[in-house]
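Below is one structure, written out as structure tokens; comments come after it.
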Amino acid sequence: MNGWIMTALAVWLAGWGINEFLVRIRTRERAAASAINIAVPVIFGVVLLVVWEGLVRGLNVPAVLLPPPSVIWERLWASIPNPIWPDFQQTFLKSVLIGYAIGCGSAFIVAVAIDRSPFLKRGLLPVGNFVSALPLVGIAPIMVMWFGFDWQSKAAVVVVMTFFPMLVNTVAGLNATGQIEKDLMATYAASYWQTLAKLRLPMAWPFIFNALKINSTLALIGAIVAEFFGTPVVGMGFRISAAIGRLQVDMVWAEIAVAALAGSVFYGVIALIERAVTFWHPSVRGGR
């Protein structure tokens, strides 16, 4: 057993022991508890990278199959000005964010319209279910034909992917209000919009934020996959497709790392907004 593998095993055991020690600490201090909650996944992630590095180098795994993290980091750092930043702008800032906003916003408006109209509820929900079942590999080429090769076609794919989860969750959230609460608002002579704003929307926020969190990852996946079917020579999906054809696997992993980091930050921002908006919900008050 060579030194790389021995080091990987030693780091794994050390990280395991430290995390076991940390998770068994019981403290009432909020700052200490928050520090432990952050430290445990950070230590686990660092240990995972060290073990990856040690095993790949110790077992002499070819870089074309799986490059070590240090090589990926070197490629990532050197490629940030070009092409990673232009790819990030094209895929995330344009396709994902714009498509996400249009898809989730339009689904929310349609959900409120469905709530007001039994006809739309019986007509649009089955159609939405049908659209959500359409395969992405079939939608993406059609969107490219309709909207061109630039980011607009990828944003259209994101709209299609994010629309239905938001629609279903919002409708479910609006229906979550109990009849007793509705009757109470009726005794106050509250209008539909007053009941919606002061009772039904607050009850629906947990459902809506669940959809927003699900869509934050769906949008990124949809935009990257859509770029495989036609795009200008920029974008994360294009770069992954081009780099794998040239066997530049470190570049592929660098783009994957950026996409994973962007998706995680996007998800985390929405989760923080959810905690601020739904502070009254038992799942937030309980610290879960």
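The values are calculated or read from the model by the stated rules, or taken from the named source; none is laboratory data. This structure is a prediction, so every number in the text was calculated from the model and none was measured. For neighbour counting, all protein chains shown are included, and Cβ atoms are generated from backbone atoms with ideal geometry for every residue, glycine included. Side chains are part of the model used for accessible areas, which takes the heavy atoms of the whole protein and leaves out ligands, DNA and RNA. Shrake-Rupley method; radii C 1.70, N 1.55, O 1.52, S 1.80 Å.
Summary table below
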quantity: Value of [θ]222 nm, deg cm²/dmol, for the chain, DSSP H segments ≥ 4, -39500 (n - 2.57) each, nearest 500; calculated: -25000 deg cm²/dmol
quantity: Heavy-atom accessible surface of the chain: percent carbon and sulfur, 1.4 Å; calculated: 72
quantity: Residue-by-residue Karplus 3J(HN,Hα) for the stretch 91-99, coefficients 6.51, -1.76, 1.60, Hz, glycine and proline x; calculated: 7, 8, 5, 9, 5, 6, 5, 5, x
quantity: Among LEU59, GLY138, LEU218 the positive-end extreme of the charge dipole of the chain (Cβ point charges); calculated: LEU218
quantity: Using a Förster distance of 45 Å, the FRET efficiency for ARG246-TRP146 (Cβ separation, nearest 0.05); calculated: 0.90
quantity: VAL61/ILE270 FRET efficiency (R0 30 Å; Cβ-Cβ; nearest 0.05); calculated: 0.25
quantity: Estimated dipole of the stretch 140-214 in Debye, rounded to 20 [Cβ of Lys and Arg +1, of Asp and Glu -1, Cα centre]; calculated: 80
quantity: Radius 11 Å from Cβ of LYS154, net charge of other residues (Lys, Arg +1; Asp, Glu -1); calculated: -1
quantity: Radius of gyration, Dmax [the chain; alpha carbons; angstrom]; calculated: 23.6, 78
quantity: In degrees, nearest ten, helix 3-23 long axis to first principal axis of the chain (Cα); calculated: 40
quantity: In degrees, nearest ten, helix 151-174 long axis to first principal axis of the chain (Cα); calculated: 50
quantity: Sites matching trypsin sites (Lys or Arg not before Pro) across the stretch 12-43 that sit in DSSP coil, with at most 14 neighbouring C-beta atoms within 10 Å; calculated: ARG24, ARG26, ARG28
quantity: In Hz, Karplus ³J(HN,Hα) per residue of the stretch 124-141 (6.51, -1.76, 1.60; θ = phi - 60°; x = Gly, Pro); calculated: 7, 4, x, 5, x, 4, 5, 5, 5, 7, 5, x, 4, 5, x, 6, 4, x
quantity: Karplus (6.51, -1.76, 1.60) ³J(HN,Hα), θ = phi - 60°, over the stretch 183-188, in Hz, Gly and Pro reported as x; calculated: 5, 5, 5, 5, 5, 7
quantity: With at most 13 other Cβ atoms within 10 Å, longest stretch of the chain clear of loop chymotrypsin sites (Phe, Trp or Tyr not before Pro) (DSSP); calculated: 1-187
quantity: Solvent-accessible heavy-atom area per residue, rounded to whole Å², over the chain at 1.4 Å; calculated: 57
quantity: Nitroxide proxy distance, nm - points 7 Å out along Cα→Cβ at ILE256 and TYR188; calculated: 5.3
